[in-house]
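As structure tokens, the structure follows; a few thoughts come after it.
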Amino acid sequence: MRISYGQASDWVRAFAGAVADNKEYLTELDAAIGDADHGINMNRGMQAVLTKIDAGAQPDVGALLKTVGMTLVSTVGGAGGPLYGTLFLQMGTSAAGKAELSGEDWAAALAAGVTGVQNRGKAELGDKTMIDTLVPAVDALREALGEGAGLGDALARSAAAAETGMKATIPLVARKGRASYLGQRSANHQDPGATSSWLLIRAAAQTFAGSGAGHDAQ
């Protein structure tokens, strides 16, 4: 099973739909420990992405992902733009020139994107950021593929690990970003960036494996 250019495009659209469906929820999470704009900003960026990928389709997954990344950098305010932009730009570099991706190609692209986010934001596991969702997602994906799992199963395990990582941010005290200014008061709140990252990973599992689940993150 391989991921076609069309499926990669459908994944981007599915993520945009999930962000749109959950923009108030993401903003509500951000209101507790941030600037109360994560959902609004991400939705604006992903809607801009949709106009860009609608305008000029080409059978190059890497180019598609780079277009997403550049659009997010230019349209999303706060930390979300640079971090999500970096994620997609680095994924695009990894997938450059490919009309379709194998499971291993997808894992390599996602890992490259996550490494880019870590380098950009200097966050590690346990800092209460999107990294707490993304790193477990990559690790689970690679482990599953290494064990010979099919792409659908590997994606499902990746999404489950992402959800566990997202929920694990709730008791954490933030060590990065605006939330870190709150100190102990940042505990007992789910991180908004970790939540939008889970929507991203779940959208991949749904799109590439056809699980057909809904968008609601609540």
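Details
- Within the set Ser186, Ser197, the sole residue that is of a type outside the set (A, V, I, L, M), surrounded by 20 or more Cβ atoms within 10 Å (Cβ to Cβ) and more than 21 Å from Val19 (Cα to Cα) turns out to be Ser186.
- Of all residue pairs spaced 6 or more apart or on separate chains, those with beta-carbon atoms under 7 Å, a first member in the range 23-45 that is buried (at least 20 other Cβ atoms within 10 Å of the Cβ) and a second member that is modelled with pLDDT under 95 and basic (Lys, Arg) are Gly34/Arg178.
- Residue selected from the range 175-199 under the condition among the hydrophobic types (A, V, I, L, M, F, W, C) and within 12 Å of Ala32 (Cα to Cα), by the criterion modelled with the lowest pLDDT: Leu182
- Filtering the range 76-97 to residues that are among the β-branched types (Val, Ile, Thr) and at pLDDT 95 or above leaves Thr86, Thr93.
- None of Ala20, Ala8 is out of contact with any Phe, Trp or Tyr (no Cβ under 8 Å at 6 or more places or on another chain), part of a helix (DSSP H, G or I) and buried (at least 23 other Cβ atoms within 10 Å of the Cβ) except Ala8.
- Restricting the search to helices (runs of 4 or more DSSP H) fully inside the range 129-218 and requiring at least 2 residues that are β-branched (Val, Ile, Thr) and farther than 21 Å from Ser102 by Cβ gives 131-146.
- Qualifying residue in the range 1-24 (condition: at pLDDT below 95 and aromatic (Phe, Trp, Tyr)): yes
- The range 152-166 - residue that is touching a helix residue (DSSP H, G or I) at 6+ places or on another chain (Cβ under 6 Å) and among the small types (Gly, Ala, Ser) and, of those, surrounded by the fewest Cβ atoms within 10 Å (Cβ to Cβ): Gly152
- Exclusive hit being surrounded by 21 or more Cβ atoms within 10 Å (Cβ to Cβ), in contact (Cβ under 8 Å) with a residue 12 or more places away in the chain and more than 24 Å from Ala36 (Cα to Cα), set Val135, Val117: Val135
- Residue within the range 104-114 that is surrounded by fewer than 18 Cβ atoms within 10 Å (Cβ to Cβ), at pLDDT 95 or above, in a helix (DSSP H, G or I) and among the β-branched types (Val, Ile, Thr) present: no
The values are calculated or read from the model by the stated rules, or taken from the named source; none is laboratory data. Every value quoted in this text rests on a predicted model; they were computed, and no experiment measured them. In this analysis, Cβ positions are derived from the backbone assuming ideal geometry, glycine residues included, and neighbour counts consider all displayed protein chains.
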